[in-house]
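Beneath this line is the structure, given in C-alpha cells, with notes to follow.
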Amino acid sequence: MTKKLTVAEIRAMKATGEKITMLTAYDASFARLLEVAGIDMLLVGDSLGMVLLGYDSTVPVTMDEMIHHAKAVRRGAPSSLVVGDMPFMSYQVSIPDAIANAGRFMKEAGCDAVKLEGGQEVCPTVSALVQAGIPVIGHIGLTPQTAGQLGGYKVQGKDLDSARKQLADAQALEVAGVFALVLECVPATLAEMITKTIGIPTIGIGAGVGCDGQVLVTHDMLGMFEKHIPSFVKKYSHLATQIKEAVTDYKHEVKTKAYPDVAHSFTMKSDVVEALKESM
Ligand code: KIV
C-alpha cells in the first residue's frame, strides 16, 4: 500500500522540482487503478457531470452527486490524496454555505481537500475555508462553471489585461491560502510566469510544461470519447475503439453460441448428473 501524500508534501514538491501528477476519478474501480499507478492526487472533478452523467455542462451538478462519487473514490483509493471539486453554487451563495459544503466533502466522503473555481472574488471564501481547517486548491484561467461569462471554452490570458488579471488572481489566491492552483487553458508562457511568481505549486491543464504539475480528465486521456476533446489532451490509449471491438466480439459470440464455452462454464460430476436424471 502506498503512503498518502500530505498537502505539505505536495507544496514541497514545488521546491524539489518533482512534477505533481493529478487525474480525475469518479468511481472506486478507476480510483484503485490510479492509486496503484502512483498518481499523486485524485480529483473528483465536477467534470463528472459531463463525463458520467450526460449533462451539457458542469453547472447542473449537485453536492449530493459529488459526495456520492467522492465516497466511491475514497473507498477505491484509501491511500490517495483525494480532492473534492466544489460544484456550481455550493460556495458562491455565502461563506457559511461554502464551509458547510466543503465540510461535507471532508466528513462524509473522507476527502483531504477541496477545489473551487475563481480569482479574487472567491478569496474571502478561500480564507474562511482555510481558517476552518479545510485545505483548498484554486482554479483560474478557463473556469468551466462560468464559461458562459468568459465567452465559451476559450484560452484565457492571451491579451495584456487578461494576462494581468490571471497573474493578480494567482497572487491573491496564494495570499488567501490555497495550497495549489489549477491553471486551465492559459498560454504556456503566462503559466510559466505565474508558476515562477507564486510560492505554491501550479497544476496545469492546457497550460504548458512550465507548471509544477499536470492534471487531465482521465476519460479524455484514455481515449474513451470519440466526440470533440480539447486539443491539449494527449490520448495515452484509445479505449473507445477497444471497448467497441470487445462489445462487438461479445455480441457475435453470444449470437453464434461460441460464448460461453466449456472453459467459461461450471461442470457437474457425472454421477450427480445421472442421479439427477433418474429422479426427474
Ligand atoms: O472538473 C474537473 O475535472 C476539473 C479539472 C479539469 C481540473 O476541474
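The values are calculated or read from the model by the stated rules, or taken from the named source; none is laboratory data. A quick note: this is a predicted structure, and the numbers were derived from the prediction, not measured. Counting neighbours? That spans all protein chains shown, and the Cβs are built from the backbone with ideal geometry, glycine included. Protein only, heavy atoms only, side chains kept; ligands, DNA and RNA dropped before computing areas. Shrake-Rupley method; radii C 1.70, N 1.55, O 1.52, S 1.80 Å.
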Practice prompt. Search segment 26-58 for residues being more than 10 Å from the ligand (Cβ to nearest atom) and open to solvent by less than 10 Å² (accessible area, probe 1.4 Å), and hand back the single one that is nearest to the chain's Cα centre (by Cα).
Written response: 42
Fill in: Scan of segment 47-86 for residues that are farther than 15 Å from residue 25 by Cα and assigned to a loop (DSSP other than H, G, I, E, B), ordered by number
54, 55, 56, 57, 58, 59, 60, 61, 62
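Can you tell which of 259, 236 is part of a loop (DSSP other than H, G, I, E, B), open to solvent by 60 Å² or more (accessible area, probe 1.4 Å) and closer than 30 Å to residue 22 by Cα? Explain how you work it out, then say what you get.
Working: 259 fails: closer than 30 Å to residue 22 by Cα.
Selected residue: 236, the only one of 259, 236 that is part of a loop (DSSP other than H, G, I, E, B), open to solvent by 60 Å² or more (accessible area, probe 1.4 Å) and closer than 30 Å to residue 22 by Cα.
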Worksheet item: If you go through segment 258-280, how many residues are of a type in the set (Val, Ile, Thr) and over 30 Å from residue 248 (Cβ atoms)?
Response: 2
Discussion item. Criterion first (of a type outside the set (Asp, Glu), in the same structural domain as residue 40 (by TED's automatic domain parsing) and in contact with a helix residue (DSSP H, G or I) (Cβ under 8 Å, 6 or more places away or on another chain)) does residue 113 satisfy it?
Written reply: yes
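Let me confirm something: among 107, 115, which residue is touching an Asp or Glu at 6+ places or on another chain (Cβ under 7 Å) and within 20 Å of residue 4 (Cβ to Cβ)?
Values: 107 fails: touching an Asp or Glu at 6+ places or on another chain (Cβ under 7 Å).
From the options 107, 115, the qualifying one is 115.
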Practice prompt. Would you confirm whether any residue within segment 198-206 is surrounded by fewer than 22 Cβ atoms within 10 Å (Cβ to Cβ), modelled with pLDDT of 95 or more, farther than 25 Å from residue 23 by Cβ and away from the ligand (no atom under 14 Å from the Cβ)?
Written response: no
Worksheet item: For segment 147-165, what are the residues that are in contact (Cβ under 8 Å) with a residue 40 or more places away in the chain and open to solvent by 10 Å² or more (accessible area, probe 1.4 Å)?
Response: 153, 155, 165
Worksheet entry | Pair list, Cβ < 7 Å and 6+ apart or interchain, from segment 207-224 residues that are in contact (Cβ under 8 Å) with a residue 40 or more places away in the chain to residues that are of a type in the set (S, T, N, Q) and assigned to a strand (DSSP E or B) | 212/202; 213/21; 214/21; 217/24; 218/24
